[in-house]
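Participant: Let me begin by handing over the structure; questions about it come next.
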């Protein structure tokens, strides 16, 4: 059976003896190599062949090694390990800043060279496989987080790393930051991708209903249990269960979930037979789960069991450079649905979007973009297509707002400030809940939920 040959390691070293020694050392480990004594020779080789890793001497005769490093990182996918006789920290730090994945200081021990090379080669292969898998999942319609801010690049890296494991994951972030999308993405990139992904909002169900939803029940287990029902943990065997808003889970259900996770088995409500399951647990909340555990509102032992790997999703206001790319992605997605041909967003409208704090985060941005697209008659979203309350944040058209528009904007702000708690919002506004419900319906105000 034919196997794909590993990509060679390119050794860029002007010391002929050292270069030969490094190549022979790697070849003895069945790692193919290429050799170059100058930056020009390295460029010529890379123009003909792809490298899996580059060992780069920083003291080349025809070009400064740090300059060549920067050029390689701009044009090559291969990781770079720098070789230097200059053991000062400043040189190593500068090399890492310019993109080097690792470094070796001369003189080098054979075992150290082999260990570093194998580690970086394996990492490179893994990244290529993950990119290929991500491309396949995109083709299947799996949604990926949009944005090139440092925060979102870190989120994507964490997603890729944890997807290769069966570790429990806790997703933290404000309402509307995309925790559900990230949970589905982790599942889609994992080895469990062909098995079920099942989710439940722990805040939306009463304790007994949530317990039944998770663990199932036998016929007659309680008054309305007329038939046996499989729980999500059982139905998702081999796959992933996403527990949204887990901080709102009843303490009794927390206790039963902890035991099920630790033992990998449980009993249905009213049942006596233990059911063995294999599931990956992803939990999410908009609250500080550590603080909830410290205060006693959430079981500490369950928190520690779940919090193996934590990903924090940043609010949109902290990554304003992502607002335009995200809005553009929504336009592309919604054009065929709405029967529109919107091509972009006017610069003035972009400035307004980027100035707004987005308390509802990505969900709110999507709603605003969809509304603006419906109102737009041409091929561009302009400032007048944006909601008045968003323009009001910058003081635009404040004098043209009607009393009703001002009231609607104020109600929206209060609801967002209290996290969608309508009872508290009514108290802040000084009106009854029934009056608040009437105004929400009249003004078409969306209540944030996650």
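Participant: Quick one: of the DSSP bridges fully inside segment 9-128, what percent are antiparallel, nearest 5? Walk me through the intermediate numbers first.
Facilitator: On the way: 1 of 17 bridges.
For segment 9-128, the DSSP antiparallel bridge percentage is about 5.
Participant: Okay, next question. Relative contact order of the chain, please, whole-number percent, based on alpha carbon pairs below 8 angstrom and at least 6 residues apart.
Facilitator: 11 percent
Participant: For Cα pairs less than 8 Å apart in space and 6+ apart in sequence, what is the mean separation divided by the residue count of segment 9-128, i.e. the relative contact order in percent? List each step's numbers first, then the result.
Facilitator: Working: 174 pairs, mean separation 27.2, N = 120.
In percent, rounded to a whole number, it is 23.
Participant: Compute the helix-to-body angle for 65-75: its Cα long axis versus the longest principal axis of the chain, expressed 0 to 90° and rounded to tens.
Facilitator: The answer is roughly 50 degrees.
Participant: Between 0 and 90 degrees, rounded to the nearest ten: what's the tilt of helix 150-163 against the longest Cα principal axis of the chain?
Facilitator: The helix 150-163 is inclined about 80 degrees to the chain.
Participant: Going by average Cβ neighbours within 10 Å, how do the peptides 412-420, 430-438 rank, with the highest at the top?
Facilitator: The densest-packed peptide leads the list: 412-420, 430-438.
Participant: What would the Debye equation give as log₁₀ I(q)/I(0) for segment 4-88 at q = 0.13, 0.25, 0.26 Å⁻¹, counting only Cα atoms as equal point scatterers?
Facilitator: Those come out to -0.36, -1.35, -1.44, one per q.
Participant: Still on this structure: Explain nothing, just the number: relative contact order of segment 149-280, from Cα pairs under 8 Å at least 6 residues apart, as a whole percent.
Facilitator: 25 percent
Participant: Using mean Cβ contacts within 10 Å as the protection proxy, how do 279-290, 368-379 order, highest first?
Facilitator: Per-residue Cβ counts within 10 Å, averaged per peptide and sorted highest first, yield 279-290, 368-379.
Participant: Then there's this: Which percent, to the nearest 5, of DSSP beta bridges fully inside the chain are antiparallel?
Facilitator: Bridges in the chain that DSSP calls antiparallel: roughly 15 percent.
Participant: Which one, [x] 137; [y] 154; [z] 233, gives volume of the Cα convex hull per residue in Å³ as derived from the coordinates shown?
Facilitator: Among [x] 137; [y] 154; [z] 233, the one calculated here is [z].
Participant: Roughly what angle does helix 179-189 make with the longest principal axis of the chain, taking Cα atoms, 0 to 90 degrees, to the nearest 10?
Facilitator: 40 degrees
Participant: Find how much the distance from residue 44 to residue 15 grows on full extension, using 0.36 nm per residue of separation minus their present alpha carbon separation; answer in nm with one decimal.
Facilitator: Net length gain for the segment: 8.6 nm.
Read-outs: derived from the displayed coordinates by stated rules, not from any lab. Note that this is a predicted model, so its numbers are computed, not measured. Note that we place each Cβ from the backbone using ideal geometry, even for glycine, and neighbour counts take in every protein chain shown.
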